[in-house]
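For reference, the structure is listed below as structure tokens.
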Amino acid sequence: DQQVKQNSPSLSVQEGRISILNCDYTNSMFDYFLWYKKYPAEGPTFLISISSIKDKNEDGRFTVFLNKSAKHLSLHIVPSQPGDSAVYFCAASPLGGQGAQKLVFGQGTRLTINP
Amino acid sequence: DAGVIQSPRHEVTEMGQEVTLRCKPISGHDSLFWYRQTMMRGLELLIYFNNNVPIDDSGMPEDRFSAKMPNASFSTLKIQPSEPRDSAVYFCASSEGTTNEKLFFGSGTQLSVL
């Protein structure tokens, strides 16, 4: 049973436009969420996170939105750049501050930015 | 720091053979994790060590899988005997402390079992 779901395996966006990656979760105990970015032949790297006490967190071109009632979060990239082409993993943890051992990852979404 | 170092980068073996994957975590990180990535299930946690002690191995698929961490700078994941369904990318990751959700991943080992 997938507790964290990324229903779009892939997404293609034109350079300069907005990229929106979505993630749904089923466990209401999750209260800390992270996005990781993965380039081919490399390991995932941390991108941005959000706690359930917030509904938005912004870092440069990257913004994560959290809708707790819908159990949904999204990552917005504006404007999209070719270097953003990668696989993006959504991850969730119950009771933030418990460490990474509780992290549950989604299947990932492959984002391709077209020139 | 060079980051989390994994070896080998690629491993091709035949069914029934023993496979050993290696990991060197970031110096000073006291938590180490082994993950497996597949298309269907994404990133799955196999086992978690804290201060070299295995804390949670509930994600280890079967007795064919075993992991050790003899010291703070080295860990192994062993599969014996290997099967074709074990083919996946295996990642090692480390983090600082037991309350930090931010992981630092190695580049992974692409395992193919024929």
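The values are calculated or read from the model by the stated rules, or taken from the named source; none is laboratory data. This structure is a prediction, so every number in the text was calculated from the model and none was measured. Cβ placement follows ideal geometry from the backbone for every residue including glycine, while neighbour counts extend to all protein chains displayed. When the accessible area is computed, the model is the full protein with side chains, heavy atoms only, and any ligands, DNA or RNA have been set aside. Shrake-Rupley method; radii C 1.70, N 1.55, O 1.52, S 1.80 Å.
Listed conditions (1) part of a strand (DSSP E or B); (2) aliphatic (A, V, I, L, M); (3) more than 14 Å from every other protein chain (Cβ to nearest Cβ) are all met by A:LEU47, apart from (3).
Between A:SER8, A:SER85, the distinction of being within 30 Å of B:PRO8 (Cα to Cα) and either small (Gly, Ala, Ser) or modelled with pLDDT under 95 (or both) belongs to A:SER85 only.
Listed here are the residues, each with its yes/no results for (1) more than 12 Å from the chain's Cα centre (by Cα); (2) within 14 Å of another protein chain (Cβ to nearest Cβ).
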residue	(1), (2)
B:HIS29	yes, yes
B:TYR35	no, yes
B:ILE47	no, yes
B:ILE55	yes, yes
B:SER66	no, no
B:THR76	no, no
B:ILE79	no, no
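Those strands (runs of 3 or more DSSP E) of region B:1-100 in which at least 3 residues are under 25 Å from A:VAL4 (Cα atoms) and either touching a Ser or Thr at 6+ places or on another chain (Cβ under 8 Å) or of a type in the set (Asp, Glu) (or both), considering only elements entirely within it, cover B:31-38, B:42-50, B:88-95. If you go through region B:21-35 and keep only what is on the phi < 0 side of the Ramachandran plot and of a type outside the set (A, V, I, L, M, F, W, C), you end up with B:ARG22, B:LYS24, B:PRO25, B:SER27, B:HIS29, B:ASP30, B:SER31, B:TYR35.
Confirm whether A:LEU75 is in contact (Cβ under 8 Å) with a residue 24 or more places away in the chain and surrounded by 20 or more Cβ atoms within 10 Å (Cβ to Cβ). Yes.
Can we say A:TYR39 is under 28 Å from B:VAL4 (Cα atoms), more than 13 Å from the chain's Cα centre (by Cα) and within 11 Å of another protein chain (Cβ to nearest Cβ)? Against the criterion (under 28 Å from B:VAL4 (Cα atoms), more than 13 Å from the chain's Cα centre (by Cα) and within 11 Å of another protein chain (Cβ to nearest Cβ)), A:TYR39 qualifies. Between A:ALA92, A:ALA100, the distinction of being within 12 Å of chain B (Cβ to nearest Cβ), without any contact (Cβ under 8 Å) to a residue 24 or more places away in the chain and closer than 15 Å to B:LYS102 by Cα belongs to A:ALA100 only. Answer yes or no: is there a residue in region A:78-87 that is within 14 Å of chain B (Cβ to nearest Cβ), under 19 Å from A:PRO9 (Cα atoms) and either open to solvent by 40 Å² or more (accessible area, probe 1.4 Å) or touching a Phe, Trp or Tyr at 6+ places or on another chain (Cβ under 9 Å) (or both). Taking every residue of region A:78-87 in turn, at least one turns out to be within 14 Å of chain B (Cβ to nearest Cβ), under 19 Å from A:PRO9 (Cα atoms) and either open to solvent by 40 Å² or more (accessible area, probe 1.4 Å) or touching a Phe, Trp or Tyr at 6+ places or on another chain (Cβ under 9 Å) (or both). When region B:36-68 is filtered for residues that are open to solvent by 30 Å² or more (accessible area, probe 1.4 Å), among the small types (Gly, Ala, Ser) and on the phi > 0 side of the Ramachandran plot, nothing remains. Is it fair to say A:LYS5 is open to solvent by 30 Å² or more (accessible area, probe 1.4 Å), within 14 Å of another protein chain (Cβ to nearest Cβ) and among the basic types (Lys, Arg)? So A:LYS5 passes the test.
For region B:69-103, a tally of residues being in contact with a Phe, Trp or Tyr (Cβ under 9 Å, 6 or more places away or on another chain), free of Cβ contacts under 8 Å to residues at least 24 places away in the same chain and open to solvent by 30 Å² or more (accessible area, probe 1.4 Å) returns 1.
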